[in-house]
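The values are calculated or read from the model by the stated rules, or taken from the named source; none is laboratory data. Just so we're clear, the structure is a prediction, and the values are computed from it rather than from any experiment. Positions of Cβ are backbone-derived with ideal geometry, glycine not excepted, and every protein chain shown enters the neighbour counts.
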Amino acid sequence: MDSFIQISFFLPVNGNHLAATCFLPGAAAGGALLIQPFVEERKGTLPVFVQTARALAAEGITALLFDFSGCGDSECDFEAAAPSTFETECAAALDWLAAVCPGLPLFVIGVRTGALLASRLAAARGDVAAVALWSPVSGTDFIRQLLQRRMVNDMVAYGKAQESRVVLEKLLRQNFTVDLDGYLITGAFYVWLQELCPQSVNVPTLAVSGGHDRKTLSAHDSHTTTSELRYPPFWNTVGHVDMGALITMTVTWLLDRVRDQQSVPCRLPALADATPTTAFEDFGSIVKPFSAVWNLPTAPVRGGALFLHGWSGDRTGPHRLFTSCARLLTQKGILCLRPDFIGRGLSGGKSGEASIALMAENAQTALDYLRQHLPSGAPIAVIGICSGCKVALTLAACNQDIAKLLLWSAESMGSLRSPATGLRKTINVLNIYMRKLLKPEIWRKIMTGRVQTGMVAKALVSQEKRSAEEAHQEDAVLKHFRSYRNQVCFVFGGSDPDAAGSLRAYERYCRINKIPHQVRVIPHAGHSFYSEPWTRELFETSIPFLSGEYIARSPG
């Protein structure tokens, strides 16, 4: 197996800059473009695509993945991007790959809406040798599923859906903007999605439904190899799932296409690894590259901010919360660093290697690196979400000169965690499923075997578990953190099933130990603040807290 390098850069397309990463082997026999799905489905797909890109590069196929405008670390807001831009961006990414792999076969892999764009790209061009389509979904089905998720989120938050799917679609047809998955969906995007349909291509095609939306495979013809491999909806699943079988099958199928192709050295062109506002960074060992993004101040530097993502997240945060917050902070003169923990995002390592202890080690490395890039004595704030809050507390316990801690949806640590935590999560998930079971169409799916009941059972019974040793380590962190004397701000969502317990536990702990703190609850908001109003309220609390006058104190 060949060695390869991984490098992130900005791909300029029509005056915009797309965050992209290339996985380049020493010699290549082909190139593969990976096209992600839209909005929050990008978050669940990224780990699988990174694993696939590395597997391809290890076998001598150059791989390229990128974020669409308004997604991930790319420029622009999603609602500001013209829908036709997305197809232009796919074509530009393939052009770039063709220049890196001149004369070599080019492949395209797409998942969900990305699969539809992959087939469009292959149909429009003559330089695509083969395509692999994972769980392709038509634009109409995709928007329907987004709308259904919106209604489920509303039921959890308010006890009932605020608007029906019919009403929401009517608003979109009237060119209003609708908030879905924390993204603003425009009427123009809705209209464009109606035309995003499966189409046949005249090149070898691997089509895998995974047990999801089988009807989208019917448009493909004799050029198509289909697979009955089943897998969970990883683009929608909380936590990391093992997609090794799908990755291995796809890589093997593509390698068959280059079996007689002679490998040649590939050379990268001059790359832009920074824009005036953003820069990529890789530090750590060569074996396990530790990837991060800088957000560069547009005002004189007066402090720094370190962002720590959750257990299954990446440096952009849920629905780009971290990306958006960091960009706001740069306007206040704050230099922001957003790393991916080892085994997450674009950093090296395997997902199974992750632990809170290793995440804390990564955070310390990032904190030290941030300090090196700040004026002497400049204060630093740390922002964490979910499990990242545990990492933030661990970091502050050992670095009590950290000026401020901002903790979103903080999980309880050690003995602060209530024994009822897992039960509350189970009841919350059960309530959602019970609402779904009231619908006749769900029963029809169960009776015809179209609902993966094993996955439902797993969601109901497999809650987060900690070993006694992990709980002991967390208590040790809390013991050291008792002497922290800088400001801590907790923000919780009112509909987060664990918010009330965590809030009470941390308030009592901070009060007993005389730790300066404030608590804010955003009514009805969920764990990840999945709506534009909740995000706005989150930032209205967070930005003033972070950008106000820093008071750096010595430990003790």
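Right, R112: basic (K, R) and under 23 Å from L46 (Cβ atoms) or not?
Working: basic (K, R): yes; under 23 Å from L46 (Cβ atoms): yes.
Criteria met by R112.
In region 33-45, which residues are in a strand (DSSP E or B) and touching a Ser or Thr at 6+ places or on another chain (Cβ under 7 Å)?
As a first pass, look at region 33-45 and keep what is in a strand (DSSP E or B): 33-35.
Of everything in region 33-45, just one residue is in a strand (DSSP E or B) and touching a Ser or Thr at 6+ places or on another chain (Cβ under 7 Å), namely L34.
Restricting attention to region 316-331, does a residue exist that is touching a residue at least 24 places away in the same chain (Cβ under 8 Å) and over 23 Å from the mean Cα position of the chain (by Cα)?
The initial filter retains those residues of region 316-331 that are touching a residue at least 24 places away in the same chain (Cβ under 8 Å), namely 316-331.
Checking the rest, the ones that are also over 23 Å from the mean Cα position of the chain (by Cα) come to 331.
Checked region 316-331: at least one residue is touching a residue at least 24 places away in the same chain (Cβ under 8 Å) and over 23 Å from the mean Cα position of the chain (by Cα).
All but one of (1) surrounded by fewer than 24 Cβ atoms within 10 Å (Cβ to Cβ); (2) within 24 Å of A476 (Cβ to Cβ); (3) modelled with pLDDT of 95 or more hold for V391; state the number of the condition that does not hold.
Here V391 clears every test but (1).
Residues to consider are G244, G239; find the one that is assigned by TED's automatic domain parsing to the domain that holds A28 and closer than 29 Å to R150 by Cα.
Working: G244 fails: closer than 29 Å to R150 by Cα.
Result: G239 is the single residue among G244, G239 that is assigned by TED's automatic domain parsing to the domain that holds A28 and closer than 29 Å to R150 by Cα.
State yes or no: is S312 modelled with pLDDT under 95 and surrounded by 14 or more Cβ atoms within 10 Å (Cβ to Cβ)?
Yes: the conditions hold for S312.
Is it the case that A130 is without any contact (Cβ under 8 Å) to a residue 24 or more places away in the chain and surrounded by 17 or more Cβ atoms within 10 Å (Cβ to Cβ)?
Values: without any contact (Cβ under 8 Å) to a residue 24 or more places away in the chain: no; surrounded by 17 or more Cβ atoms within 10 Å (Cβ to Cβ): yes.
So A130 does not fit the description; no.
So which residues in region 403-419 are surrounded by fewer than 23 Cβ atoms within 10 Å (Cβ to Cβ), within 27 Å of the chain's Cα centre (by Cα) and more than 23 Å from E469 (Cα to Cα)?
none
I'm trying to understand the selection: among the residues of region 76-108, which are surrounded by fewer than 21 Cβ atoms within 10 Å (Cβ to Cβ) and of a type outside the set (A, V, I, L, M, F, W, C)?
D77, E79, P83, S84, T85, E87, T88, D95, P102, G103, P105
Here are V178, V208, V201: which of them is closer than 29 Å to R150 by Cα, touching a Ser or Thr at 6+ places or on another chain (Cβ under 8 Å), crowded, with 17+ Cβ neighbours inside 10 Å and β-branched (V, I, T)? Let's see the steps before the verdict.
Working: V178 fails: touching a Ser or Thr at 6+ places or on another chain (Cβ under 8 Å); V201 fails: closer than 29 Å to R150 by Cα.
The unique qualifying residue is V208.
Restricting attention to region 253-312, which residues are of a type in the set (D, E) and under 19 Å from the mean Cα position of the chain (by Cα)?
In the first step, residues of region 253-312 are kept if they are of a type in the set (D, E); the result is 256, 260, 273, 281-282.
Those that are of a type in the set (D, E) and under 19 Å from the mean Cα position of the chain (by Cα): E281, D282.
Among the residues of region 359-403, count how many are out of contact with any Phe, Trp or Tyr (no Cβ under 9 Å at 6 or more places or on another chain) and more than 22 Å from R344 (Cβ to Cβ).
Looking only at that region, the number is 7.
So R125 clears everything in (1) at pLDDT below 95; (2) surrounded by 21 or more Cβ atoms within 10 Å (Cβ to Cβ); (3) not hydrophobic (A, V, I, L, M, F, W, C) except one condition, right? Which one?
If we test R125 against (1) at pLDDT below 95; (2) surrounded by 21 or more Cβ atoms within 10 Å (Cβ to Cβ); (3) not hydrophobic (A, V, I, L, M, F, W, C), just (2) comes out false.
Do the conditions hold for Q487, that is, is it surrounded by 14 or more Cβ atoms within 10 Å (Cβ to Cβ) and at pLDDT 95 or above? Walk me through how you get there before you give the answer.
Numbers: surrounded by 14 or more Cβ atoms within 10 Å (Cβ to Cβ): yes; at pLDDT 95 or above: yes.
When the stated conditions are applied, Q487 passes them.
Filter the strands (runs of 3 or more DSSP E) completely within region 117-205 down to those with at least 1 residues that are over 19 Å from G44 (Cβ atoms) and under 23 Å from the mean Cα position of the chain (by Cα). Step through it out loud before you land on a result.
Values: elements: 128-134, 178-180, 183-185.
So the answer is 178-180, 183-185.
I need a count of the residues in region 1-29 that are buried (at least 24 other Cβ atoms within 10 Å of the Cβ) and on the phi > 0 side of the Ramachandran plot.
Qualifying residue count for the region: 0.
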